[in-house]
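**Q** This is the structure I want to talk about, given as structure tokens.
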Amino acid sequence: MGRSELWQRIEAFNQERDAERLALKYQAMRHDSFAFLRATAHLFYADWPKNSSLNDAPLAWICGDLHLENFGTYRGDNRLTYFDINDFDEALLAPCTQDLTRFLCSLLVAAKTLNIEESQILALCQDFLGHYSRELRECKPRWIERATAKGMIRDLLKNLKHRTHSDLLQERTVKQDGHRFLKRDNLKAMDASQAEQQKIESLITQFTATQPNPEFFTILDVAKRIAGLGSLGLERYVVLIKGSKQHYLLDMKYQPGSSLAPYTIVSQPRWRNEAERVVKLQHRGQAIAPAFLAAIQDGDRSYVIKELMPNQDRLKLEHWHGRFRRLEKVVNSMAQLVAWLHIRTGGWQGSAIADQWQAFGSRTDWQDAVLDYAFGYSRQVHRDWLTFKSNSL
């Protein structure tokens, strides 16, 4: 792809984003090819072959942006902590192979950063597909929590046991004259304009009208939130609320629509708004959803709201420290979670039913095509990253 063509595609997708946070996104994309992959799901789907055997696969409610860093920990609305797929912004009905190839592509692209040898990365890809298929054959969705986790995921969940809500408030807020405010460090939060604060206060008030205790959501402060990579530059806020015995933080994020939507060949349901799509699919896809997860509409724009919690974290995969078995356990657990997502959401609005998933899991003829495409596209990602990097210096 030519330098100018690539840049035009990226700029067209990111138009109308907040300039200051968009600059941070572009800066992060220059860092390595894995960051570039994370930020360009729109290129992945624009390049997806429409006439390919890859599309001859069961339809699933896919994550839509399945990569190594879209798995993580969170506290559910039952206040227990889980490890799961945690980003449904791009989720749509599509062939399950789109999730599988994007994940394997992310693993292949990240291999160089993680210092994984070629023989090891091939084994990881094959293990992923093998564990995914095995879970389809069993067709019984489960979940990963502290008691069932293994290896690095278990260690992460154990460490999070000691992270408290007070720790989160200490990290993200400051106290002045007896009042608590959000910390503006330009790393995780920055100033929101008065107009933005007023709009968010109005939308939160709209949300709290449906809650049993509206006073719990009394707003104390609002700031722009800096988080993620693919969505960086979109409207996103962190909101400090009164709570009951202690204050709480909310994450509020604008939903423009899935980057897969312009390229999908599958008919989609009609949602009231894009936030409803994300919220419903996250509720369906996770065994337990995060607290306060809801959709809020504001004219032709919509936002997802949920609690920002002390138990949210991602694995630091670079800590595999050359011990292949540690990395293998993580990838196998991720394969299980993808299969459980596809099974759990099966039979809804056009997605495959249990019999179809078991039949697909019993076949192996599709696996080579998935691997071949992932290998080929991972090389294209690296070339595109080099082009982007040279064009944006």
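The values are calculated or read from the model by the stated rules, or taken from the named source; none is laboratory data. Since we're looking at a predicted model, the values are computed, not measured. Reconstructed Cβ throughout: ideal geometry from the backbone, glycine too, with neighbour counts over all protein chains shown. Only protein heavy atoms, including side chains, enter the accessible area calculation; ligands, DNA and RNA are left aside. Shrake-Rupley method; radii C 1.70, N 1.55, O 1.52, S 1.80 Å.
**Q** Considering only Arg225, Arg323, Arg172, give the residue with the highest GNM mean-square fluctuation for the chain, with springs between Cα atoms whenever their separation is below 10 Å.
**A** Arg323
**Q** Let me ask something additional. Compute the Cα gyration tensor for region 74-221, then decide on rounded, prolate or oblate, letting a ≥ b ≥ c be the square roots of its eigenvalues: rounded whenever a/c is under 1.5, prolate when a/b is larger than b/c in the other cases, and oblate in all that remain. Each step should come with its number before you reach the end.
**A** Details: a/c = 2.04, a/b = 1.91, b/c = 1.07.
Prolate shape, in that a/c is at least 1.5 and a/b is the bigger ratio.
**Q** Pick out the long, greasy-scoring helices in the chain: whole DSSP H runs spanning 27 Å or more along their own axis by Cα, mean Kyte-Doolittle at least -1.0. Before the final figure, lay out each step's value.
**A** Numbers: long enough: 118-138 (30 Å, -0.46); 324-344 (30 Å, 0.19); 367-391 (36 Å, -0.72).
TM-like helix candidates: 118-138, 324-344, 367-391.
**Q** Hey, another quick one. Kirkwood-based Rg over Rh for region 60-104 (C-alpha set), two decimals?
**A** Details: Rg = 11.6 Å, Rh = 11.2 Å.
Taking Rh as the inverse mean 1/r over Cα pairs, Rg/Rh reads 1.04.
**Q** With the other protein chains left in place, how much accessible area per residue, in square angstrom, belongs to the chain at a 1.4 angstrom probe? Don't skip to the answer; put the middle values down first.
**A** On the way: 17470 Å² over 393 residues.
It amounts to 44 Å² per residue over the chain.
**Q** Another one. Quick check: residue separation of His319 and Lys245 times 0.36 nm, minus the Cα distance between them. What number comes out in nm? Each step should come with its number before you reach the end.
**A** Values: separation 74, 0.36 × 74 = 26.64 nm, distance 3.73 nm.
Result: 22.9 nm gained on full extension.
**Q** Given a 10 angstrom Cα cut-off, can you work out which residue in Gln98, Gln286, Gln312 is the most mobile in a GNM of the chain?
**A** Residue with maximal mean-square fluctuation among Gln98, Gln286, Gln312: Gln312.
**Q** Roughly how many percent of the accessible protein surface of the chain is carbon and sulfur, given a 1.4 Å probe and a whole-percent answer? Don't skip to the answer; put the middle values down first.
**A** Numbers: 8080 of 17470 Å².
The value for the chain is 46 percent carbon and sulfur by accessible area.
**Q** Please go through the residue pairs Lys150/Lys306; Lys50/Lys199; Lys50/Lys316 and name each one whose alpha carbons sit more than 32 Å apart in this structure. Let's see the in-between values first.
**A** Working: Lys150/Lys306 28 Å; Lys50/Lys199 41 Å; Lys50/Lys316 35 Å.
From Lys150/Lys306; Lys50/Lys199; Lys50/Lys316, over 32 Å: Lys50/Lys199; Lys50/Lys316.
**Q** Could I have the simple spin-label model distance between Arg134 and Phe216, label points 7 Å from Cα toward Cβ, reported in nm to one decimal?
**A** In this crude label model, Arg134 to Phe216 measures out at 4.1 nm.
**Q** Counting only helical runs of four or more DSSP H residues, what would the 222 nm mean residue ellipticity of the chain come to if each run contributes -39,500 (n - 2.57) and the total is spread over all its residues? Show your work: numbers first, answer last.
**A** Values: 13 runs with 174 residues, N = 393.
Mean residue ellipticity at 222 nm (helix-derived): -14000 deg cm²/dmol.
**Q** Mind running the shape call on region 238-393? Use the C-alpha gyration tensor, a ≥ b ≥ c as the square roots of the eigenvalues: rounded below 1.5 for a/c, prolate if a/b tops b/c, oblate otherwise.
**A** Numbers: a/c = 1.43, a/b = 1.27, b/c = 1.13.
Judged from the Cα gyration tensor, region 238-393 comes out rounded (a/c under 1.5).
**Q** Is the shape of region 79-118 best called rounded, prolate or oblate, per the rule: a/c under 1.5 gives rounded, else a/b larger than b/c gives prolate, else oblate, with a ≥ b ≥ c the square roots of the Cα gyration tensor eigenvalues? Walk me through the intermediate numbers first.
**A** Numbers: a/c = 3.09, a/b = 1.31, b/c = 2.36.
Cα axes put region 79-118 in the oblate bin.
**Q** I'd like the distance between the alpha-carbon centres of region 208-227 and region 1-58, rounded to an integer number of Å.
**A** Comparing the Cα centres of region 208-227 and region 1-58, I get a distance of 33 Å.
**Q** Next question. What does the charge add up to near Leu293, with Lys and Arg as +1, Asp and Glu as -1, over the other residues with Cβ less than 15 Å from its Cβ? Each step should come with its number before you reach the end.
**A** Details: positive: Arg75, Arg79, Lys253, Arg277, Lys280, Arg284, Lys306; negative: Asp77, Asp84, Asp87, Asp89, Asp251, Glu274, Glu276, Glu307.
Here the count lands on -1.
**Q** Please report Rg over Rh for the chain, where both radii come from the alpha carbon positions and Rh follows the Kirkwood definition. Show your work: numbers first, answer last.
**A** On the way: Rg = 20.8 Å, Rh = 21.8 Å.
Ratio of gyration radius to Kirkwood radius: 0.95.
**Q** Hey, how much of the P(r) for region 140-290 falls beyond 27 Å, as a percent of Cα pairs? Walk me through the numbers on the way to the answer.
**A** Details: 4360 of 11325 pairs.
Cα-Cα pairs in region 140-290 separated by more than 27 Å: 38 percent.
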